[in-house]
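This report refers to the structure that appears directly beneath it.
The values are calculated or read from the model by the stated rules, or taken from the named source; none is laboratory data. This structure is a prediction, so every number in the text was calculated from the model and none was measured. Reconstructed Cβ throughout: ideal geometry from the backbone, glycine too, with neighbour counts over all protein chains shown. Each accessible area value is taken on the protein alone, full model and side chains, heavy atoms only, with ligands, DNA and RNA left out. Shrake-Rupley method; radii C 1.70, N 1.55, O 1.52, S 1.80 Å.
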Amino acid sequence: MAKILIIDDERPILESLEMFLTEKDHDVSTALSAAQGLEACTTFSPDVVILDVHLPDHSGFEVLKTLNALPRAPKVIMITAHHDMETTITAMKYGAYDYIFKPLDADEIEAAVEKAFSVLVAERECTHAEPKPESTSGGAIIGKSEKMCEVFKTIGVLCQNRATALILGETGTGKELIARVIHHNSPTCNEPMITVDCSAVVETLLESELFGHERGAFTGAVQTKIGKLELAGNGTLFIDEIGELPLGLQGKFLGFLERREFMRVGGHKWHRSNGRIIAATNRNLADMVRDGLFRRDLFYRLKVVTINVPPLRERVEDIPELARHFLLKANREMRLEILKFQEGVIPRLMAHPWPGNVRELENLILSAAVQSRGNVILLEDIEKALVLNTGSSEPNQGQTALTQMERKHIQQVLIQAGWNRNQAASLLGISLPTLRSKIRKYDLASPCEKR
């Protein structure tokens, strides 16, 4: 049950909202002006305030700012008859939880109140922030799983020398980050690290991108261009998506690896480079060699040291630490103040298959953090972000299975609690409004209600 204060100068709205919300088991108080409303906040201490934008004595925005400055600030739902962009943006900018247009819809009000109250409960249950990971720097590789420990060991070996390395892993597993960690911990860390993505450069220009070209080498070559190999100098050249390197260019690149010399396109002078080569791909180079799409001799020349980066689904034990790391990063980069995840979020993240791997997890945490309207990322924020991240309205089989599991679990807990909703909410670790919402969502009813 939430304590709700309604501030509106229209008495019929006050009476109808009071009657409706009282029937929903909420404790409701009303005020006809800003002054009455602020006084009621002192004596009534509401959890949720439904506030009209236009009041006879003060602007609703002024009241909103005052309410948000309180030590135990309520969640404020602004209501107005004016459907304009400016007031909506202003309300959200000043910290309104939600913004609803008149004429008011009962279901919309109920949903907004329950969501606001569930956020408030989660925030007040949050007595401390998530513990910070041991390392939160931008160049940190997060993970304590056995497979990641093997990756770290190989990185450690590579940091002591300048051996060529091949990093294999699915898209989004952090291959470039691994390359950067190797470079920054190597003896040549003060030299440049240059990146070239073979999949992002037109095939006809890739040779020039790598080796450079002389003026007049081809139509459009109006001046000499220094290639990525030359720019890397004695540092590191990271070649991403090496599997996309055209077969004809593979031979020339192999020649460079064997002699450490190259010639610009259209040039007649040999240039030397002693930089380390780190290549990466999400493709199976062994299969490409078998199919004649990748040179066998180049494959062996590249894989002097190989790092196999595990997909996120094979190191789910790292997800809690990764999620907290990305939450801190989101706070830092987006100037947010989110303290933690609601109970149940981490298990939900660990149950997701993560086809986009660590990159998908980072983007999802950022999306949920930006759209969160409180200091805690709720489970429903994560669910919403997961739906948005699929990029499709088609039903997801994994999501459907998880939904069915959640329905069954909630039903079992309700039966265990004798359909006592307060006790069931406590057992489930969720607020009573959230439980009510899920009961409606899954069309659950006790045997007595079915009669």
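Can you list which of the DSSP-assigned H helices in the chain have a Cα extent of 24 Å or more along the long axis and an average Kyte-Doolittle score of at least -1.0?
Working: long enough: 106-125 (28 Å, 0.12); 397-416 (28 Å, -0.67).
Those that pass (Cα extent of 24 Å or more, hydropathy at least -1.0) are 106-125, 397-416.
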Taking K and R as +1 and D and E as -1, what net charge do the other residues with C-beta under 12 Å from the C-beta of Asp318 add up to?
+1
What do you get when you divide the Cα radius of gyration of the stretch 154-253 by 2.2 N^0.38 Å, with N the number of residues?
1.17
For the chain, what does the accessible surface come to per residue with a 1.4 Å probe? Please give it in Å².
51
I want to verify the translational diffusion coefficient of the stretch 19-65 in µm²/s; compute it with Stokes-Einstein, Rh as the Kirkwood radius over Cα pairs, at 4 °C and 1.567 mPa s.
114
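Dividing the convex hull volume of the Cα atoms of the stretch 198-299 by its residue count, what figure in Å³ per residue is obtained?
Once divided by residue count, the hull of the stretch 198-299 is 95 Å³.
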Cβ-based net charge around Gln371, under 10 Å, with every Lys or Arg adding one and every Asp or Glu removing one:
+1
Here the chain gives, from Cα atoms, an Rg and Dmax in Å of 29.5, 92
Given the Cα atoms of the stretch 306-354, and with Rh set as the inverse mean 1/r over their pairs in the Kirkwood sense, what is Rg to Rh to two decimals?
1.05
Using a 7 Å offset from the Cα along the Cα-to-Cβ direction at both Asp291 and Asp443, what is the distance between the two label points in nm, to one decimal?
4.7
With 10 Å bins from zero, work out the P(r) of the stretch 302-392 over every alpha carbon pair and list the percent per bin.
16, 50, 24, 7, 3, 0
Straight-line reach from Lys408: which aspartates and glutamates have a Cα under 17 Å away, not including same-chain ones fewer than 8 places off?
Asp443
Among the lysines, select those whose C-alpha is under 16 Å from the C-alpha of Lys115, and discard any that sit fewer than 8 residues away in the same chain.
Lys3, Lys24, Lys75, Lys384, Lys438, Lys441
Greater than 24 Å separation of Cα atoms is the criterion. Which listed pairs, Lys65/Lys102; Lys175/Lys269; Lys225/Lys303; Lys228/Lys329, meet it?
Lys175/Lys269; Lys225/Lys303; Lys228/Lys329
Glu62 paired with Asn234, simple spin-label distance in nm, labels 7 Å along Cα-to-beta-carbon:
6.9
Kirkwood Rh over alpha-carbon pairs of the stretch 1-115 plugged into Stokes-Einstein at 37 °C, 0.692 mPa s gives a D in µm²/s of 239
Cα convex hull volume per residue for the stretch 67-215, in Å³, equals 301
